[in-house]
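Asks: Dumping the structure here so I can ask a few things about it.
None of the figures in this text is laboratory data; all of them are computed from the coordinates on show. Since the structure is predicted, the reported quantities are computational estimates derived from the model, not experimental observations. When we count neighbours, we look across all protein chains shown, and the Cβ atoms used for this are built from the backbone with ideal geometry, even at glycine.
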């Protein structure tokens, strides 16, 4: 079996966990461009951990400028088998107040200015996104949340907007009418690219505000968002520590096959594939591209 390597993407405060051991930062080169930052290599309770600041240390990269392909490719190159996104988000429902955690299981992708696939002309592939979150990974995250007595909801739809501006009130109410639960700017195309890279993916959404639909909360205030994040950071640290303690040291097969998503996804026959693109796909799709036809 494959050794488990847990990847985590999120804000810089996540990496200040006292229990981390063998900590060092490394540049990881990617043929898809420059990742948001170096990757932090560490061990936590004996489990290999890889942290990537999604916006870079110091929050220098806005959502639309994140090189999601380089980020996911770089994490794949470091051996990541399972990726947990810890993301701030707005709530679209009264029963999901600021400070609450949501284990998202669906997404609505409303982004439009981002590269969303590793594949394209020269090598075409279509992966299933019907269930974008690995239930196997989500089960372990939920167990950690329960053990830490963190208030959370299992299941929910995350509306991913382009940003960097927050929603208009009309947009916020539209997304509520669609039945979405939370709203943010970062988990797409991250989840799609993780699936193409055969990395099991899950999102732990930290509610920081009520977007702008709520009568008692007229608009989103960045200072208030940061305040809630600061209040939640110890909870996030505790959850990650517990997750690392209990996570299997050998990567468990994903219940929906996230870790084998490319088995039947590439439609371009070997003879027609672009050699230059195949070189760039060495980490993401090497497992299937190296198979004999």
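Asks: When a/c reaches 1.5 or more, the comparison of a/b and b/c decides; with that in mind, is segment 176-293 rounded, prolate or oblate per its Cα gyration tensor?
Replies: Working: a/c = 2.99, a/b = 1.89, b/c = 1.59.
Prolate shape, in that a/c is at least 1.5 and a/b is the bigger ratio.
Asks: In which sequence would 73, 215 go, from the one with the fewest C-beta neighbours within 10 Å to the one with the most? Don't jump to the answer; show the numbers that get you there.
Replies: Working: 73 26, 215 6.
Going from least to most buried by this count: 215, 73.
Asks: Among 89, 254, 200, which one shows the highest mean-square fluctuation when the chain is modelled as a Gaussian network with alpha-carbon springs under 10 Å?
Replies: Of the options given, 254 has the highest mean-square fluctuation.
Asks: Something else now. Based on other C-beta atoms within 10 Å, arrange 44, 278, 159 from fewest to most. Let's see the in-between values first.
Replies: Working: 44 22, 278 15, 159 29.
With the sparsest Cβ surroundings first, the list reads 278, 44, 159.
Asks: For the pair residue 65/residue 169, report the inter-label distance in nm, with labels modelled 7 Å from Cα in the Cβ direction.
Replies: Label-label distance for residue 65 and residue 169, simple model: 3.2 nm.
Asks: Using alpha carbons only, how many degrees (0 to 90, rounded to 10) separate the axis of helix 222-246 from the longest principal axis of the chain?
Replies: Compared with the principal axis, the helix lies near 50 degrees.
Asks: Further question: How much mean residue ellipticity at 222 nm does the chain get from its helices, if each DSSP H run of length 4 or more adds -39500 (n - 2.57) and you divide by all residues, to the nearest 500 deg cm²/dmol? Provide the component values of the computation, followed by the final result.
Replies: Numbers: 7 runs with 74 residues, N = 293.
That calculation yields -7500 deg cm²/dmol at 222 nm.
Asks: Can you pull the one-decimal nm distance between simple spin-label points at residue 1 and residue 131, each 7 Å off the Cα toward Cβ?
Replies: With each label point 7 Å from Cα toward Cβ, the separation is 1.9 nm.
Asks: With both bridge residues required to lie in segment 5-289, what share of the DSSP beta bridges run antiparallel, to the nearest 5%?
Replies: Numbers: 18 of 47 bridges.
Counting only bridges with both partners in segment 5-289, antiparallel ones make up about 40 percent.
Asks: Follow-up question, since we're still on this one. Going 7 Å from the Cα of residue 112 toward and past its Cβ, which residues in segment 166-180 have a backbone nitrogen under 16 Å from where you end up?
Replies: Hits in segment 166-180 for residue 112 at 16 Å: 166-168, 171-172, 175.
Asks: Estimate the FRET efficiency between residue 95 and residue 24 by the formula 1/(1 + (r/R0)^6), using the beta-carbon distance for r and 45 Å for R0, to the nearest 0.05. Write down the numbers at each step before the final one.
Replies: Working: r = 42 Å, r/R0 = 0.94.
FRET efficiency, residue 95 to residue 24: 0.60.
Asks: For the chain, set up a Gaussian network in which alpha carbons nearer than 10 Å are linked by springs, and say which option among 197, 170, 88 fluctuates the most.
Replies: Evaluated over the chain, the most mobile residue of the options is 170.
Asks: Evaluate the relative contact order of segment 5-289 (contact order divided by residue number), counting alpha-carbon pairs under 8 angstrom at least 6 apart; express in whole percent. Show your work: numbers first, answer last.
Replies: Numbers: 599 pairs, mean separation 73.1, N = 285.
Relative contact order here is 26 percent.
Asks: Here is a further query. Give me 251, 24 ranked fewest to most by other Cβ atoms within 10 Å of their Cβ, as a rough exposure proxy. Working shown, then result.
Replies: On the way: 251 19, 24 9.
Neighbour counts put them in this order, fewest first: 24, 251.
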